[in-house]
Amino acid sequence: MPHSPRGEGLRWLRQAERDLDDARYLLAGDRYGLACFVAQQAAEKALKAFLYAAGAEEVWGHSVADLCSEAAALDAAFDALRPTLAPLDKFYVPTRYPNGLPGGIPADAFSRADAEGALSMAGAAVQAVRRALEPAPP
């Protein structure tokens, strides 16, 4: 049975919230590169949640900055959030693949500060979408 747009959006938001929790777990385990990547994924899924809830049938792409721009076309609050979230895009490839870095491996290239920053940005994305999808008061 297909989901309503709002139901599909909430489904994606639940996964984004779980990814954010997983990123916290990775940070606690000193897995900084992977925590950065999973935080990027949480923000990406949160923004896709908003777009699906708004009625999008297909949402493509992995750029948090681009998805935020798409969301801003529907809700101006996301326009102000874009500069805050855009740095998450740098965690999409280099956190996972050695050839995304000039040398070394991703496991050694990212710090606790990187992961904490990524978690903060992802948390802002998840919170913004949660607020946007909250039912209007009666």
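The values are calculated or read from the model by the stated rules, or taken from the named source; none is laboratory data. This is a predicted model, so every value here is computed, not measured. These area figures cover heavy atoms from the full protein model, side chains too; ligands, DNA and RNA do not enter into them. Shrake-Rupley method; radii C 1.70, N 1.55, O 1.52, S 1.80 Å.
Under the Karplus relation 6.51 cos²θ - 1.76 cosθ + 1.60, θ = phi - 60°, what is the ordered set of whole-Hz ³J(HN,Hα) values for the stretch 4-12, x standing for Gly and Pro?
Along the stretch 4-12, the couplings run 5, x, 5, x, 5, x, 5, 4, 5 Hz.
Below 8 Å between Cα atoms, with a sequence gap of 6+, how large is the relative contact order for the stretch 1-124 in percent?
Taking the mean separation of contacting Cα pairs over the length of the stretch 1-124, I get 32 percent.
Do the sum for the chain: with -39,500 (n - 2.57) for every DSSP H run of n ≥ 4, divided by all residues, what is the mean residue ellipticity at 222 nm, to the nearest 500 deg cm²/dmol?
-21500 deg cm²/dmol
Where the accessible area of the chain is counted over protein heavy atoms with a 1.4 Å probe, how much of it, in %, is carbon and sulfur?
C and S atoms contribute 55 percent here.
Could you please put LEU34, LEU119 in sequence from largest to smallest accessible area, using a 1.4 Å probe?
LEU34, LEU119
For the chain, what is the accessible area per residue in Å² when the probe is 1.4 Å?
55
How much solvent-accessible surface does LYS48 expose, in Å² to the nearest 10, with a 1.4 Å probe and all protein chains in place?
Answer for LYS48: close to 10 Å² accessible.
Using Rg/Rh (Cα atoms, Kirkwood Rh) as the read-out, say which of (i) 1.01; (ii) 1.03; (iii) 0.95 was calculated from these coordinates.
After the calculation, the listed value that fits is (i).
Ignoring ligands and nucleic acids, what accessible area does ASP66 show with a 1.4 Å probe (Å², nearest 10)?
Estimated to the nearest 10 Å², ASP66 gives 90 Å².
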